[in-house]
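Asker: Mind looking over this structure? Questions follow.
Every number in this text was worked out from the coordinates using simple rules, so none of it is lab data. Quick caveat: nothing in here was measured; it's all calculated off a predicted structure. Heads up, the Cβs are rebuilt from the backbone with ideal geometry, glycines too, and the neighbour counts pull from every protein chain shown.
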Amino acid sequence: METNNHIDLESKKRSNYLHFALVLAIVIVTNLFFNYVISLVYTAPTFTNYCPASNYNKVYTTSDQCLANGGMWSEQRVPVEVKAPTPVSIKTEVTGYCDASYTCQNKFTAASNLYNRNIFIILVSLGVLILLLGAYVKVPLLSTAFSWSGVLSLLIASLRYWGNAGSLIRVIILGAALAALIWLAVKKFNK
């Protein structure tokens, strides 16, 4: 009789590991699927589309040249070489540096921020949908997997956009997510 209990415990333990592995696999593949489909449909901006190398791989020696080509000129004071014996004060010469990619970099950053915001909205929407699916599907393993897939999608979306979101947007995001989760908990699990 004792060997049967041992075999049943082993079988149950193996089943639990398999259950966990399958849930984890569904969670990972679901989110990979979401992100891959999004990348096929909605491509990210690339730096070279906004800043071709031919535009900024040039040396601009004057402020006028730099500004005319979309750059930003920064003036620097560089000490001039003085031969010995040196006077008490050291003479300096004004020179500068041109950040030739300044304007196109700003345009690229703005496009990237817009892209990340849109990806955030898409991933949050997909996360909420799959979370709702997890709450209403009747198969326990799928219910668990879909619920955790939704949670991971919400986490990925937040991590991608959090740095670009302002304080008010962060509060709105967190408030909406909390309200949706509380509503789901009350609606589905208040029996």
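Asker: Taking the Cα of residue 115, stepping 7 Å toward and past its beta carbon, and measuring to each backbone N in segment 153-184: which are under 14 Å?
Answerer: Those under the cut-off are 161.
Asker: If you take the Cα atoms of segment 119-191, find Rg, then find the Kirkwood Rh from the mean of 1/r over all pairs, what is Rg/Rh?
Answerer: Working: Rg = 12.9 Å, Rh = 12.7 Å.
Rounded to two decimals, Rg over Rh is 1.02.
Asker: Any idea how far apart residue 67 and residue 129 come out in nm if each label point goes 7 Å out from Cα toward Cβ?
Answerer: So the two model labels end up 5.0 nm from each other.
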